[in-house]
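A short write-up of the structure that comes next.
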Amino acid sequence: MSVISLLSDFESVYPAQMKGVILNIDPNAVLVDIAHDIPPQDIAAGAFALKITVPYFPEGTIHLAVIDPGVGSDRRPVLVESGGHLLVGPDNGLLIPAAYKLSQDIIVRKITNKDLFLTVSSTFHGRDIFAPVAAYLSNGFKPSDIGDEIDDYVKLDFATPQVKDKRVLAQVLFIDGFGNLITNIPGEHMLNFFNYNDKLTVEDRIIPLVHMYTQVESGEMLMLIGSHGYLEISINSGNAAAQLGLGIGDQLWLSAHQSS
Amino acid sequence: MSVISLLSDFESVYPAQMKGVILNIDPNAVLVDIAHDIPPQDIAAGAFALKITVPYFPEGTIHLAVIDPGVGSDRRPVLVESGGHLLVGPDNGLLIPAAYKLSQDIIVRKITNKDLFLTVSSTFHGRDIFAPVAAYLSNGFKPSDIGDEIDDYVKLDFATPQVKDKRVLAQVLFIDGFGNLITNIPGEHMLNFFNYNDKLTVEDRIIPLVHMYTQVESGEMLMLIGSHGYLEISINSGNAAAQLGLGIGDQLWLSAHQSS
Amino acid sequence: MSVISLLSDFESVYPAQMKGVILNIDPNAVLVDIAHDIPPQDIAAGAFALKITVPYFPEGTIHLAVIDPGVGSDRRPVLVESGGHLLVGPDNGLLIPAAYKLSQDIIVRKITNKDLFLTVSSTFHGRDIFAPVAAYLSNGFKPSDIGDEIDDYVKLDFATPQVKDKRVLAQVLFIDGFGNLITNIPGEHMLNFFNYNDKLTVEDRIIPLVHMYTQVESGEMLMLIGSHGYLEISINSGNAAAQLGLGIGDQLWLSAHQSS
């Protein structure tokens, strides 16, 4: 009996079908949704959401993640072992940043034990392959019962922040429910170039780097290192994504503001 | 102690009130949301969502479903037994397609044991009647403790696909989170008239019938038999409902495309 | 082992991070979402949602609620004991109406036992302070292990309905998923001034006070005492908030309609 977390880009009845399949196999599994509102087929956004969330789950958790634009093709199903957690999903990079966040020492297996699958549709491997595999792992199956190790799995790296002439290029990786723009710049990287209370030029705006939202007036823009460890651009009591018209994948140059 | 699934057309605090009521009566019930984003008061959409989801749940599951535009009127509350599952909700057809999906042999009872109810409001029988009844069933009450059999319950059939001059009329029953249009045409019915890789005329468009999304280019339209067993109209990596401007209940004529 | 309910104004991965933290500390906690779709930073809307929901949960439930615009400032974290329930969250009034709904006899403590916290970020005390405190309480910690009583906690009262020249001023406290406008007027208060089947003038409209939605035609407006005990303004089979263009905080004068 394990905790099984679920992440996908499909809402409504599809997560419930996966949960039904799991409870059929392991009635004692503890099911926890991570998120089902990942933008459709956005593997990088899903990988980021998974990466910043898995460290808070107990050792032994099985993470079932399905952002799967290649479903039905020859895209492989994989199981990843890392830091006492298991991750199950498609071989498209989705699981890899989370696995490396848990430990640098990961094992990736191709899922080949078809005895565990439901009748496999060509459109919903989350229900037909990944959910039963997760449930049998929760029931005590060993990773070696699922398939053999591979080393040519699909990797995924978030864009490394580019630096040029003391300017840093940030890319929006995720937008949360408040409209905060979460970028690919790790906090420690940001603090190599800038200091707290610096004012930065972000495209044509001047925005301070602060510790907390309430350091600026309501409605004002700010940047801070978020609770996920990455630079985010926010508006105190406002929605930065809506006001700036920015979305996942958009890029922004940051530089120290030269007061005239 | 049972799995209790929940389906409704109300989000936010109302499902939580039902869950609190259930846990008060059976602290060990395992609660699983099927969906709470059914379009308000759309009994057919709720019935379809329930029908395609209940078969994945374990025998013994109690399905609590509330799409209830007649709440407060003399609409009866019912309990349905089918295939080892129990279904609880309003007598407006909502539960019937799911019950017949589980087995052809169903028993419908009018819920009359008022000792089990909370004080009954005129607007939220999900919380005041259906949730406690589901919880007492989970606690070991028998269906015969809840009420007597009836046979004049409200039935609901999804529109049978019409066929005319080798043309088939499809109706949109459900739209999923990707914008896929799920129609009332069962897969086996579709394959009586058409073959995989046929190109079909759908109103003024030509759309191929394929096995998987990735058989067409990104952004292109396709039809396939979805994981729920029904014909769906989709766009690979796109949102068919938004692009075609179609909603639940809309109808489309399909015919073989005559290449000129 | 307890039921732990969760309410917040943040969706997607953040509730999951809180749940992971809790399951790390108490693997047997039963997690139930109350709502995560509270309008961002709307303490009053969150307090209302909590107040109308907590009474349905079993004694012993721990309610973890986070609407926290002051996070990172010197806003205090608090634990409230009332009627056998525990409530954990920020000292901004959010928990107080729910606590007084459970019992008139409440104890408020400042959370000071930092040994229980994760490393505290300046932006997410829900995960770093409130979730672990809730989990340790579920594990058997006593309120007195968490911190000492205070009596200068932040209070929150919903606007008392104003009455002037037989007119009553209603304020919209909450809008549910159907678009029903839930006001600050308790049912018993309403019935001091008006009777069922009265027609009322609401700004420039005439709306009847009825018992149930189906007493008016589909598409017609109505007022009723909702299942939460407050006056609500609704449209039978329609969305009152959208059609009237009203939001949380908006005010409306009600008076008896003088037929001419």
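The values are calculated or read from the model by the stated rules, or taken from the named source; none is laboratory data. Since we're looking at a predicted model, the values are computed, not measured. Here the Cβ is made from the backbone with ideal geometry for all residues, glycine too, and neighbour counts use every protein chain on show. Surface areas here come from the heavy atoms of the whole protein model, side chains and all, with no ligands, DNA or RNA. Shrake-Rupley method; radii C 1.70, N 1.55, O 1.52, S 1.80 Å.
Numbers at a glance
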read-out: Which numbered condition C:Ser121 misses (of (1) within 23 Å of the chain's Cα centre (by Cα); (2) surrounded by 15 or more Cβ atoms within 10 Å (Cβ to Cβ)); value: (1)
read-out: Subset tally (residues that are over 10 Å from the mean Cα position of the chain (by Cα) and of a type in the set (S, T, N, Q)) for the stretch A:40-55; value: 1
read-out: Filter result for the condition that a residue is over 25 Å from B:Ser2 (Cα atoms) and either in contact with a strand residue (DSSP E or B) (Cβ under 6 Å, 6 or more places away or on another chain) or not acidic (Asp, Glu) (or both), over A:Pro15, A:Pro27, A:Pro55; value: A:Pro55
read-out: The stretch B:1-14: number of residues that are in a loop (DSSP other than H, G, I, E, B) and either among the acidic types (Asp, Glu) or within 22 Å of C:Pro39 (Cβ to Cβ) (or both); value: 4
read-out: The stretch B:15-39 - residue that is under 20 Å from B:Ile129 (Cβ atoms) and within 20 Å of the chain's Cα centre (by Cα) and, of those, surrounded by the fewest Cβ atoms within 10 Å (Cβ to Cβ); value: B:His36
read-out: Of all residues making up the stretch B:150-180, the number that are under 27 Å from B:Gly238 (Cα atoms), away from every other protein chain (no Cβ under 14 Å) and in contact with a Ser or Thr (Cβ under 9 Å, 6 or more places away or on another chain); value: 6
read-out: Enumeration of residues in the stretch A:224-239 that are of a type in the set (A, V, I, L, M), within 12 Å of chain C (Cβ to nearest Cβ) and closer than 22 Å to C:Pro39 by Cα; value: A:Ile235
read-out: Residues located in the stretch C:182-197, provided they are under 19 Å from the mean Cα position of the chain (by Cα) and either within 14 Å of another protein chain (Cβ to nearest Cβ) or part of a loop (DSSP other than H, G, I, E, B) (or both); value: C:Ile182, C:Gly187
read-out: Selection status of C:Asn239, in contact (Cβ under 8 Å) with a residue 40 or more places away in the chain and not aliphatic (A, V, I, L, M); value: yes
read-out: Candidates A:Ala98, A:Ala44 - the one that is modelled with pLDDT under 95, farther than 16 Å from A:Val21 by Cα and not acidic (Asp, Glu); value: A:Ala44
read-out: Answer residue from the stretch A:160-173, given it is open to solvent by 40 Å² or more (accessible area, probe 1.4 Å) and not polar (S, T, N, Q) and is nearest to the chain's Cα centre (by Cα) among those; value: A:Val163
read-out: Selection count, the stretch C:92-121, where residues are of a type in the set (Lys, Arg) and either touching a Leu at 6+ places or on another chain (Cβ under 6 Å) or within 12 Å of C:Leu79 (Cα to Cα) (or both); value: 2
read-out: Among residues of the stretch C:56-73, those that are open to solvent by 30 Å² or more (accessible area, probe 1.4 Å), over 30 Å from C:Ile185 (Cβ atoms) and at the interface with chain A (Cβ under 10 Å from one of its Cβ atoms), counted; value: 1
read-out: Qualifying position, being aliphatic (A, V, I, L, M) and in contact (Cβ under 8 Å) with a residue 40 or more places away in the chain, among A:Leu87, A:Leu50; value: A:Leu50
read-out: Condition check for B:Gly84: modelled with pLDDT of 95 or more and surrounded by fewer than 20 Cβ atoms within 10 Å (Cβ to Cβ); value: yes
read-out: Residue that is least open to solvent (accessible area, probe 1.4 Å) [pool: residues in the stretch B:234-260 that are part of a strand (DSSP E or B) and among the small types (Gly, Ala, Ser)]; value: B:Ser234
read-out: Scan of the stretch A:15-55 for residues that are at the interface with chain B (Cβ under 10 Å from one of its Cβ atoms) and part of a strand (DSSP E or B), ordered by number; value: A:Val30, A:Leu31, A:Asp33
read-out: Among (1) surrounded by fewer than 20 Cβ atoms within 10 Å (Cβ to Cβ); (2) touching a Phe, Trp or Tyr at 6+ places or on another chain (Cβ under 9 Å); (3) assigned to a strand (DSSP E or B), the one test that A:Gly177 misses; value: (3)
read-out: Number of the condition not met by A:Pro58 [criteria: (1) under 24 Å from C:Val32 (Cα atoms); (2) touching a Gly at 6+ places or on another chain (Cβ under 6 Å); (3) at pLDDT 95 or above; (4) part of a loop (DSSP other than H, G, I, E, B)]; value: (2)
read-out: Condition met for B:Ser12 (more than 14 Å from chain C (Cβ to nearest Cβ), open to solvent by 10 Å² or more (accessible area, probe 1.4 Å), among the hydroxyl-bearing types (Ser, Thr, Tyr) and in contact with a Gly (Cβ under 7 Å, 6 or more places away or on another chain)); value: no
read-out: Number of the condition not met by C:Gly89 [criteria: (1) of a type outside the set (D, E, K, R); (2) out of contact with any Asp or Glu (no Cβ under 7 Å at 6 or more places or on another chain); (3) open to solvent by 20 Å² or more (accessible area, probe 1.4 Å)]; value: (3)
read-out: Subset of the stretch A:119-138 that is modelled with pLDDT of 95 or more and in contact with a helix residue (DSSP H, G or I) (Cβ under 6 Å, 6 or more places away or on another chain) - its residue that is farthest from A:Ser82 (Cα to Cα); value: A:Arg127
read-out: Inter-residue pairs, beta-carbon under 8 Å, first loosely packed, with under 12 Cβ neighbours inside 10 Å and in the stretch C:138-157, second among the β-branched types (Val, Ile, Thr) and part of a helix (DSSP H, G or I), 6+ apart; value: C:Lys155/C:Ile96
read-out: Hits in the stretch A:220-233 - residues which are open to solvent by 20 Å² or more (accessible area, probe 1.4 Å), part of a strand (DSSP E or B) and under 14 Å from A:Gly179 (Cα atoms); value: A:Met221
read-out: Condition broken by A:Asp91, with the remaining ones in (1) farther than 20 Å from A:Ile150 by Cα; (2) under 17 Å from the mean Cα position of the chain (by Cα); (3) at pLDDT 95 or above satisfied; value: (1)
read-out: Residue in the stretch A:245-260 that is out of contact with any helix residue (DSSP H, G or I) (no Cβ under 8 Å at 6 or more places or on another chain), of a type in the set (S, T, N, Q) and at positive phi present; value: no
read-out: Residue count for the stretch C:101-118, restricted to those that are among the basic types (Lys, Arg) and either loosely packed, with under 14 Cβ neighbours inside 10 Å or out of contact with any strand residue (DSSP E or B) (no Cβ under 6 Å at 6 or more places or on another chain) (or both); value: 2
read-out: Residue in the stretch A:198-219 that is least open to solvent (accessible area, probe 1.4 Å), counting only those that are over 29 Å from A:Asp157 (Cβ atoms), within 14 Å of another protein chain (Cβ to nearest Cβ) and assigned to a loop (DSSP other than H, G, I, E, B); value: A:Val216
